[in-house]
Every structure is written in C-alpha cells, then in structure tokens.
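Read the figures in this text as sums done on the coordinates, not as results from a lab. Since we're looking at a predicted model, the values are computed, not measured. Virtual Cβ from ideal backbone geometry, glycine too; neighbours counted across all protein chains shown.
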Number of protein chains: 2
Amino acid sequence: MTASPERRRELLDTAAEVFAAQGYNATTVRRIADEAGMLAGSLYYHFDSKESMLDEILSTFLTELWDGYDAVLAADLGPRETIEALVTESFREIDRHRAAVAIYQKEARHLTDQPRFHYLADSQVRFEKAWLGTLERGVRSGAFRADLDVRLTYRFVRDTVWVAASWYRPGGQHSPEEIARQYLSMVLDGIAVRT
Amino acid sequence: MTASPERRRELLDTAAEVFAAQGYNATTVRRIADEAGMLAGSLYYHFDSKESMLDEILSTFLTELWDGYDAVLAADLGPRETIEALVTESFREIDRHRAAVAIYQKEARHLTDQPRFHYLADSQVRFEKAWLGTLERGVRSGAFRADLDVRLTYRFVRDTVWVAASWYRPGGQHSPEEIARQYLSMVLDGIAVRT
DNA sequence: TAACCTACCAAACACTTGTTAGGGAAGAAT
DNA sequence: ATTCTTCCCTAACAAGTGTTTGGTAGGTTA
C-alpha cells in the first residue's frame, strides 16, 4: 500500500508525456500503463485515480514555477528587468516541465470548473497580478509604451511565452536562455528595423 | 436520407462550440445533441460520424482561411505590408471562426497522424511557406532585423496571432482590426519605449 | 386521398472506459 | 524459516461511449 517516491515520479513523467502528446481525455489509462511496461490495474497501486495523476503533475509543476517566480518578484527589480527575469524563468520552466506546461495549456481552461483543480484559477490570478502589475509599473515609469492597451499587452506577452512549450524540445539547438533572449528582444524592441 | 444544408451548418456550429469548450475527445455525442435540442442518434441523420463533424468543421475553416490568405499573397505587397495584411486577415478569421480556430489549435497536432486529417499537415506546410518566406524576404530587403533567428521569429509571430483565439470573444470591446493593429505594433516595434 | 420525404425519437448494440478485488512472486526483516 | 512488504498481474465490473435499426409525426407532392 506504500509506493516508492522515485517510482511515482517515473510513472508521472511517462503519464505527463502521453497526456501532453494525446490530450488528457484522449489518453487511456491502459496506454499509460503500456508505456510504463505494466498493466492498467497496476497503476492503481501507485495512484488512486487517473485524475489524481493529472492533479499531481500540474500541482508539482505550479509549485516549482511559483518558487521561481517568487524569487524573481522578491528581488524587487525595475519593470523591464522584472519582465526579463520572468520570461527567462518561464523558459527555464518550459525546459524542465515541457509536458506539464503543454498539459496545463490544453486542459487548464475546462479544469478550473472542478473544485479539485480550483488552484489552477488561483494561480492564474496570481499570474495576472504579477505580469500585469509589472507592465503597468513599467508604463508609469516610462519604460513601456503608454499607447498600448495594457491588458492586451499582458495577454500578448503571456501567450507568446507559454505557447513555446508546444514546439520546444529539450536538447534542441537553442538553450532556454538563448530563446528567452531572442523572445525578449522581439517583444521589447520589435522585429522591424528601426528607421 | 437527405439533409438540408442550413440545418447541417446550424448543428456544426453548436458542435464546434462544444468541441472548443470541452475538447473533442471530452465531448460526447449526447452532449452535442442535447445542446442542439435533440437525441444522440438523431445526429446520425445529418452526419455519419462524430469524426466527420470535426472534419467538416476544420476543413471548411481552412478553406475560408486560405481564400483570404491567397488573396493577400496574390496582391504581391512588400514584406512588411504582407505581414500586416496576413495578421489582419488572421484576426478576421478568428472573429469569424473562433471555435474552429480553438479546436484547430488544441487538436491539430495529434490529428495529423490520421490519414483523414492529413490535409492539416499540408496546410501547415503552406502556412510556414507563406509566413517564413515573407519574413525572409523582409530580412533581405532590410525591413526586418537580421540579427534574429528567422525560424524562431516565425513561430513567435504565428503563435502570438493564433493563441488570441483562446481568449478572444466576438462582440468584445476591441474589433478584430483594432486587435490586429495593436498586435502588429507590438510585434513590429516592441513594447519598450525607444531611447 | 394516397404516396412520399424530411427530421426526428426510442431503444438497443458492441465496445471501451476507469476502477476494483484477490492473488502471487521476490526480496527484506525477524 | 517464517512473516512482511513491495510491486505487479489476472480477471472482472459498472458506467459511458459512438453507432445502428426500426419506427413515426407532420408537411409536401401527386
């Protein structure tokens, strides 16, 4: 009745991989077990439901994410430097938790209805507070343009960062830091040549 | 055995709405029928499978999308003007086919395996050719920065545009054209104040 | 009036789904 | 040597899935 934490982590990793590739609902518990080299029922020695696997995948990811974000926010940097740090940290998280991020993006919206996953909505609120607040601070300080809809800018920056999880593959030719640098350069300065 | 085209379109619209909200696999055929005010079996008078509904939703969307894109590309504008026109056209498509776009984004990746949906992969290739080609043309002509990874830029621009479908709601306070203008301003010139 | 067509319902089908219960093999602990 | 613990298997269950078949109310046509 007691399962080893390492085995749990292993199984969660393969589960996350399949969830990310096929979608949560499209993934059968038999497929996960197959990928892990065991039978469907055996998974229930380690977890008490398919949903709790998803829960554990998402919650551990969000926990680690907020560890990083809180560290950045606690540093009390200027608006532009905060955005830079948040973006860089985000790409590092994508590098570490690619599957979890992909799952989060695909499933978060319709999971927030369920009470069990209400922490997803909480996280989203904190998320908006951090990013939107920093952007507004930047507009006031003159670091960011004032002629743009800040809310639109927020969604723009947020989405551009996290969608990268859909194509990013760890071990590719660009490191997370390199991608972050290029993304920041595009978001901050634009892709057009200055005239 | 013969169904009216208007009724088909009506049912496809409600189906698309549910698919977009819950995900294709998580959506039961009974839920769609319920939303349409009829019983599950009755859907099979109009369509021969759940999959063919998805197929028809996606293919009609892509057809209309490429009608718009081809018109833009045929105009033979400069690189920057082409990007501007493509982005604007994209937001108009999101306005018209919000549900279809959302479905496309969530399900396209793992649908391309099935032969039936192979046209999704074809479309993606054409898509990349149009956008990436325009960006490269812009770099050569000096309109776009040469110090950025063009491929990364492509994914950046592509994603930033289409992810908007996940939060965009028709009839909101911003028209598609207004959103396109702000997005283009951000992508082209950046959100930072020029020093 | 009779035949027909459209658009749906009622009821079931075969199958897949997540999940459970009991058991057993292999090693560790006593 | 025996008990215990860990980890998995076998085999099944109940619920839900997409789909089919036969029927029928109501309007249209002949």
Using only alpha-carbon positions, what ratio does the radius of gyration of segment A:71-139 give when scaled by 2.2 N^0.38 Å?
1.25
Could you pull out every residue, at least 5 positions away or on a different chain, whose amide H is within less than 5 Å of the one on B:PHE144? Hs are placed 1.01 Å off N in the peptide plane, and Pro or chain starts have none.
A:VAL193, B:VAL139
In the neighbourhood of B:ALA99 defined by beta carbon distances under 9 Å, the net charge of the other residues (Lys, Arg +1; Asp, Glu -1) is -1
Dipole of segment A:49-189 [Lys/Arg +1, Asp/Glu -1 at C-beta], most positive-end residue of A:TYR168, A:SER123, A:LEU148:
A:LEU148
Report the relative contact order of segment B:7-101, percent, no decimals, based on alpha-carbon pairs under 8 angstrom and at least 6 residues apart.
29 percent
What's the magnitude of the charge dipole for segment B:50-189 around its Cα centre, counting Lys and Arg as +1 and Asp and Glu as -1 at the beta-carbon? Answer in Debye, nearest 20.
300 debye
Total charge of the residues flanking B:LEU39 in space, meaning their Cβ is under 14 Å from its Cβ, with Lys and Arg +1 and Asp and Glu -1, is 0
For segment B:1-98, what ratio Rg/Rh do Cα atoms give with a Kirkwood hydrodynamic radius?
1.11
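List the trypsin sites (Lys or Arg not before Pro) within segment A:115-195 that DSSP assigns to loop and that have no more than 13 neighbouring Cβ atoms inside 10 Å.
Passing both the DSSP loop test and the Cβ count: A:ARG194.
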Label the protein assembly as shown by shape, choosing from rounded, prolate and oblate, from the square roots a ≥ b ≥ c of the eigenvalues of the Cα gyration tensor; if a/c is under 1.5 it is rounded, and otherwise prolate applies when a/b is larger than b/c, oblate when it is not.
oblate
How far apart are the A:GLU6 label points across copies, placing each 7 Å from Cα toward Cβ, in nm, shortest first?
6.8
Taking the C-alpha atoms of chain B, convex hull volume expressed per residue in Å³
139 Å³
Give me the angle, in degrees from 0 to 90, between the Cα long axis of helix B:118-141 and the longest principal axis of the Cα atoms of chain B, rounded to the nearest 10.
10 degrees
Using per-residue counts of other Cβ atoms within 10 Å, averaged over each peptide, order B:8-20, B:27-39 from highest down.
B:8-20, B:27-39
Residue-wise, which Karplus ³J(HN,Hα) couplings in Hz belong to segment B:154-166, taking 6.51 cos²θ - 1.76 cosθ + 1.60, θ = phi - 60°, and x for glycine or proline?
4, 4, 4, 5, 4, 5, 4, 6, 6, 4, 4, 4, 6
